[in-house]
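K.L.:
Starting off with a structure, shown below.
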Amino acid sequence: MSLVQEIDYGTPRSNAEKTVTLTIDGQQVTVPEGTSIMRAAMQMGTKIPKLCATDMLEAFGSCRLCLVEIEGRAGTPASCTTPVANGIVVRTQTERLKRLRKGVMELYISEHPLDCLTCSANGDCELQDMAGAVGLREVRYGYEGAKHPNPGIDESNPYFTYEPSKCIVCSRCVRACEEVQGTFALTIAGRGFGSVVSPGMEEPFFGSECVSCGACVQACPTATLNEKSVIQIGTPEHSVVTTCAYCGVGCSFKAEMRGDEVVRMVPYKDGKANRGHSCVKGRFAWGYATHQDRILKPMIRGKITDPWREVSWDEAIAHTASEFKRIQAKYGKRAIGGITSSRCTNEETFLVQKLVRAAFGNNNVDTCARVCHSPTGYGLKTTFGTSAGTQDFDTIEHADVVMVIGANPTDGHPVFASRMKKRLRQGAKLIVVDPRRIDLVRTPHVEAAYHLPLRPGTNVAVLSAMAHVIVTEGLVNEKFVRERCDWDEFGDWAAFVSESRNSPEEVAKISGVPAEAIRGAARLYATGGNGAIYYGLGVTEHSQGSTTVMAIANLAMATGNIGRPGVGVNPLRGQNNVQGSCDMGSFPHELSGYRHISDDATRAMFEALWGQPLDEEPGLRIPNMLDAAVDGSFKAIYIQGEDILQSDPDTHHVAAGLAAMECVVVHDLFLNETANYAHIFLPGSTFLEKDGTFTNAERRIQLVRKVMAPRNGFADWEITMAIANAMGFKIDYAHPSQIMDEIARLTPTFAGVSFEKLDRLGSVQWPCNEKAPEGTPVMHMSGFVRGKGKFVITEYVATDERTGPRYPLLLTTGRILSQYNVGAQTRRTANVLWHEEDRLEIHPHDAEQRGIRDGDWVKLASRAGETTLRALITERVAPGVVYTTFHHPHTQVNVVTTEFSDWATNCPEYKVTAVQVMPSNGPTQWQEQYEDLARKSRRIAATVEAAE
Ligand code: SF4
Ligand code: SF4
Ligand code: SF4
Ligand code: FES
């Protein structure tokens, strides 16, 4: 095994269609117009020495090392900043050039510390490489002169160090922060010889605006910015390309290793979702994989009050199977079910639903998408015919107007947010529809044209008001609608949105958004060129989540913003494989590819291959399983990679449901909150320990490649397979690629997918089949999948969750960049330094009324329950609205969320809870109890670890 090396072409690719031909060192080369001479040379294999250039960044031309000669032109231009021209003749290696380059390198080296042998970048340093490349053998100025300023090493960031004495002031880091990440956290302070890179106002990295994405570290050609893991472990010696297991962006990484130890994760430039960029989670927060809290041996116990007993894998699997069979024999085959994991691979998810349908013999299978994007599936299938986003991420480069609704991309989908910000800096206009002033509303060099800070729960009303403006002001793209949509349904919809109750003026009274802002945003979206909508859980997690998704689809169809690059309706999906878990048939009513279980032909196909009759009745959703457990008819559950106690609404009800079951099997990395109610614990494996695929928010299927052996002994798919076999349903796969082959046979949209193809092409976006053998980046290009686009009347129905004298504020929730979901992984990394606890954001006016100061403990109470957390006073939230994250179990914000849910899909209404906030002395009694429980769990984990 060796390190996967990616070529650095020095400057970015030119997208020009016209080509030019030139001669470099006697060889002809043809490249797109606008390509730099440096890149053209590299394309033919000639490496021109360089220091300030790298192909992730625009050329800067500061180091003067890449000089070339061009026949007929005076001087020695820099090849990184000089574009190619037809017929020019370039020489890269002449005596004059050699002399000049040596001179440049002498200057660099004379002021550089001479500790190469003990430097952490020894062998992986571009300065070293360039000294070799130009043949530097001596430094005429000696080594004793003044060195680069050395204000000391900044170790404040938990993941990388900044050692200014090694800096060559190439500004690659500054430009990476600006161009790639879009944070603008770095500057070059001082002048001339005294120039130094400075985060913010000459602060340490940790205290600055830096979001620790690592782009500057990757760009740095020396050890000035270097990963602490490289300093501690040494330079990597082999690597494996794999896919991030955090969010739905699906970044590709090279996992760079020494032996079986990860040294660093380097974003993969060929990764089509991330194009060489990453965020703090994917790049740095992988330490949880080897965290001591991981449970590596199976455990069982008779009652949930008993201590755990470690057992062999054989015993654990046999016990699981016999408990499931016992319970089915006693209570009926529908008394048990399973939950698939959106953190696991497609293959693992497919296997869990197969276990439930074929081995359990029912359809009681559901997934965490129930609590996030199930309305996306319903809404987009109804209107367009496919339960997924319409575009690839690249499409943002063609958008003229970007509308972000109920999403916070800079925190939730950071790498895509960086691409979005880049497009906005190039001039695209931004509309933000969100109760909270998210970062995108105003961030360096980006400012939203419109921010509609609507009252939580009024999405449908505001979108109908935008539609009202589009229809009544004659902004409909009639040609598109006539050609592509059902014209009669459009007519009904147009009449509905034109009613005066849907006018911005009326809706302003409900939503709190000024009518003029709604009108302005609607006009901009309809007339500003390519309009692209991106939305998140602020759309779906409402009692009208599905209605909102359909209202968005209506807007896109009415304005013709669908079916080409730069437009579309794009759900920003939360977890790494939530798209995949839905695709794989995790819902109780659907087999893979969103085909209804009651469809005889589809069922017959599965039955023939699996050799097992399937139940034609849709099974229970998660909330129904819990209800049935409380009622006494549902008795056992297999939960893979999901912490429903923390992530699902109305925690007390979830706990009651779990406590009522006779056998709860938790299959996870850590003893999570749900495991407090488990009778069997099966240790899970991390993404580093298995092969498989994830499908990201743009329907992109990418390989996850095993980097190290599973520390628990088995990949998750092997454990599910073992349970099925122990229950008497025989399945036998030697490798996940065989599971994918089965998925492809059974799922028309995956018919052309195989591991071999993914390996060859890097990734494909489904549908991938005979019609689209290399996948489908943009959907609905020549027609909607369902035929004619369907306009749906989206009547606004206020949620039953109302504020009143007891609960006068509205709580809404979201996530933060450094943490992920319920925090099981990120809380076990240094990311906690950025977010140690969930805080309650409250407007200064509401805080003052209640006598609350910044940092005070406050009680957050709803009619469902109460919790305590610290207050953060901020004008990011409007008066009357409070906001918090849900990453920490000791906060368990879902104690206060209610049982209300989306009318179509049961997706919980997390985003609207009527609450009261009041000063408090500290944690509630249950939080104290939780801490006791957590301490106990940690002790068990430590004991198990010690026993090993
Ligand atoms: S880590 Fe990212 S945000 Fe921080 S300074 Fe570097 S590029 Fe900028
Ligand atoms: S820190 Fe690294 S990338 Fe930044 S200017 Fe110095 S040498 Fe260049
Ligand atoms: S968490 Fe998301 S944005 Fe960050 S590296 Fe992973 S996939 Fe990319
Ligand atoms: S690489 Fe061209 S001037 Fe630095």
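K.L.:
For segment 752-771, name all the residues that are within 29 Å of ALA556 (Cα to Cα) and open to solvent by 20 Å² or more (accessible area, probe 1.4 Å).
P.N.:
Correct list: PRO767, ASN769, GLU770, LYS771.
K.L.:
Quick one: what pairs do we get from segment 159-172, first residue among the basic types (Lys, Arg), second within 11 Å of ligand 4 (Cβ to nearest atom), C-beta under 7 Å, 6+ apart or different chains?
P.N.:
Sorted first by the residue in segment 159-172, then by its partner, the pairs are ARG172/CYS52; ARG172/THR54; ARG172/LEU57; ARG172/PRO221.
K.L.:
Need the failing condition index for GLU138 against (1) within 28 Å of the chain's Cα centre (by Cα); (2) assigned to a loop (DSSP other than H, G, I, E, B); (3) more than 9 Å from ligand 1 (Cβ to nearest atom); (4) of a type in the set (Asp, Glu), just the number.
P.N.:
All conditions pass for GLU138, except number (1).
K.L.:
Hey, can you tell me all the residues within segment 373-383 that are surrounded by fewer than 24 Cβ atoms within 10 Å (Cβ to Cβ) and either at pLDDT 90 or above or not in a helix (DSSP H, G or I) (or both)? First the steps, then the outcome.
P.N.:
Residues of segment 373-383 that are surrounded by fewer than 24 Cβ atoms within 10 Å (Cβ to Cβ), as a first pass: 378, 381-382.
Scanning segment 373-383 gives LYS381, THR382.
K.L.:
Has segment 288-298 got any residue that is open to solvent by less than 10 Å² (accessible area, probe 1.4 Å), touching a Ser or Thr at 6+ places or on another chain (Cβ under 8 Å) and modelled with pLDDT of 95 or more?
P.N.:
Yes, the conditions are met somewhere in segment 288-298.
K.L.:
Could you list, in sequence order, all residues of segment 84-102 that are open to solvent by 70 Å² or more (accessible area, probe 1.4 Å) and touching a Gly at 6+ places or on another chain (Cβ under 9 Å)?
P.N.:
Scanning segment 84-102 gives ARG91, LYS98, LYS102.
K.L.:
Could you grab me the full set of residues in segment 310-328 that are outside any helix (DSSP H, G or I) and of a type in the set (D, E, K, R)?
P.N.:
GLU310
K.L.:
Shifting gears a bit: List, please: which pairs have Cβ atoms under 6 Å, are six or more places apart or on different chains, and start with a residue in segment 795-822 that is at positive phi and without any contact (Cβ under 8 Å) to a residue 60 or more places away in the chain and end with one that is surrounded by fewer than 23 Cβ atoms within 10 Å (Cβ to Cβ) and of a type in the set (Phe, Trp, Tyr)?
P.N.:
Matching pairs, first to second residue: none at all.
K.L.:
Which residues, taken from segment 727-774, are among the small types (Gly, Ala, Ser), without any contact (Cβ under 8 Å) to a residue 60 or more places away in the chain and assigned to a loop (DSSP other than H, G, I, E, B)?
P.N.:
If we filter segment 727-774 for residues that are among the small types (Gly, Ala, Ser), which is where we start, we get 728, 734, 737, 744, 751-752, 754, 762-763, 772.
Checking the rest, the ones that are also without any contact (Cβ under 8 Å) to a residue 60 or more places away in the chain come to 734, 737, 744, 751-752, 754, 772.
The answer is ALA734, ALA751, GLY752, SER754, ALA772.
K.L.:
Considering only segment 68-82, how many residues are within 41 Å of the chain's Cα centre (by Cα), buried (at least 19 other Cβ atoms within 10 Å of the Cβ) and away from ligand 2 (no atom under 16 Å from the Cβ)? Reasoning before the result, please.
P.N.:
From segment 68-82, those within 41 Å of the chain's Cα centre (by Cα) are 78-82; that's our starting set.
In the following step, the residues that additionally are buried (at least 19 other Cβ atoms within 10 Å of the Cβ) were identified as 78-80, 82.
If we keep only those that are away from ligand 2 (no atom under 16 Å from the Cβ) as well, we get 78-79, 82.
Residues that pass the stated criteria total 3.
K.L.:
Would you mind stating whether PHE360 is buried (at least 24 other Cβ atoms within 10 Å of the Cβ), within 20 Å of VAL567 (Cα to Cα) and at pLDDT 90 or above?
P.N.:
Judged against the criteria, PHE360 is not a match.
K.L.:
Let me ask another. Among all residue pairs at least 6 apart or on different chains, which show Cβ distances below 8 Å where the first residue, located in segment 442-455, is without any contact (Cβ under 8 Å) to a residue 12 or more places away in the chain and the second is open to solvent by less than 50 Å² (accessible area, probe 1.4 Å)?
P.N.:
Cβ pairs passing all conditions: ARG442/ALA448.
K.L.:
If you scan segment 539-561, which residues turn out to be at pLDDT below 95 and in contact with a strand residue (DSSP E or B) (Cβ under 7 Å, 6 or more places away or on another chain)?
P.N.:
Selection gives VAL539, GLU541, SER543.
K.L.:
Let me ask another. Do we have VAL169 as open to solvent by 20 Å² or more (accessible area, probe 1.4 Å), in a loop (DSSP other than H, G, I, E, B) and within 11 Å of ligand 2 (Cβ to nearest atom) here?
P.N.:
yes
K.L.:
On the basis of being open to solvent by less than 10 Å² (accessible area, probe 1.4 Å) and not hydrophobic (A, V, I, L, M, F, W, C), does GLY512 make the cut?
P.N.:
Considered against the rule, which asks whether it is open to solvent by less than 10 Å² (accessible area, probe 1.4 Å) and not hydrophobic (A, V, I, L, M, F, W, C), GLY512 comes out as no.
K.L.:
Can ASP55 be described as within 16 Å of ligand 2 (Cβ to nearest atom) and under 24 Å from ALA131 (Cα atoms)?
P.N.:
Numbers: within 16 Å of ligand 2 (Cβ to nearest atom): yes; under 24 Å from ALA131 (Cα atoms): yes.
Spelling it out, ASP55 is indeed within 16 Å of ligand 2 (Cβ to nearest atom) and under 24 Å from ALA131 (Cα atoms).
K.L.:
Report, ordered by the first and then the second residue, all pairs with beta carbons closer than 8 Å, sequence separation of six or more or different chains, a first member in segment 329-341 that is part of a loop (DSSP other than H, G, I, E, B), and a second member that is buried (at least 24 other Cβ atoms within 10 Å of the Cβ) and hydroxyl-bearing (Ser, Thr, Tyr).
P.N.:
Close Cβ pairs satisfying both conditions: SER341/THR349; SER341/THR367; SER341/SER581.
K.L.:
For segment 202-229, how many residues meet the condition of being touching a Gly at 6+ places or on another chain (Cβ under 7 Å) and touching a residue at least 60 places away in the same chain (Cβ under 8 Å)?
P.N.:
Just the residues of segment 202-229 that are touching a Gly at 6+ places or on another chain (Cβ under 7 Å), to begin with: 208-209.
Still in the list and also touching a residue at least 60 places away in the same chain (Cβ under 8 Å): none.
Count: 0.
K.L.:
While we're here: Among all residue pairs at least 6 apart or on different chains, which show Cβ distances below 8 Å where the first residue, located in segment 176-190, is more than 10 Å from ligand 1 (Cβ to nearest atom) and the second is charged (D, E, K, R)?
P.N.:
Pairs that qualify, where the first residue is more than 10 Å from ligand 1 (Cβ to nearest atom) and the partner is charged (D, E, K, R), are ALA189/GLU202.
K.L.:
Additional query: What helices (runs of 4 or more DSSP H) completely inside segment 536-614 contain at least 1 residues that are in contact (Cβ under 8 Å) with a residue 12 or more places away in the chain, of a type in the set (Gly, Ala, Ser) and more than 15 Å from THR383 (Cα to Cα)?
P.N.:
537-540, 578-583
K.L.:
Further question on the same structure: Considering segment 24-57 alone, what residues qualify as being within 14 Å of PRO83 (Cα to Cα), open to solvent by 30 Å² or more (accessible area, probe 1.4 Å) and within 14 Å of ligand 4 (Cβ to nearest atom)?
P.N.:
Selection gives MET42 alone.
K.L.:
Only one residue in VAL630, VAL654 is over 20 Å from LEU355 (Cβ atoms), part of a helix (DSSP H, G or I), open to solvent by 10 Å² or more (accessible area, probe 1.4 Å) and of a type in the set (Val, Ile, Thr), so which one is that?
P.N.:
Matching residue, one of VAL630, VAL654: VAL630.
The values are calculated or read from the model by the stated rules, or taken from the named source; none is laboratory data. In this text, all values refer to a predicted model and were calculated from it rather than measured experimentally. Because the Cβ atoms are built from the backbone with ideal geometry, glycine has one as well, and the counts that use them run over all protein chains shown. Just so you know, the surface numbers come from the protein's heavy atoms only, side chains and all, with ligands and any DNA or RNA stripped out. Shrake-Rupley method; radii C 1.70, N 1.55, O 1.52, S 1.80 Å.
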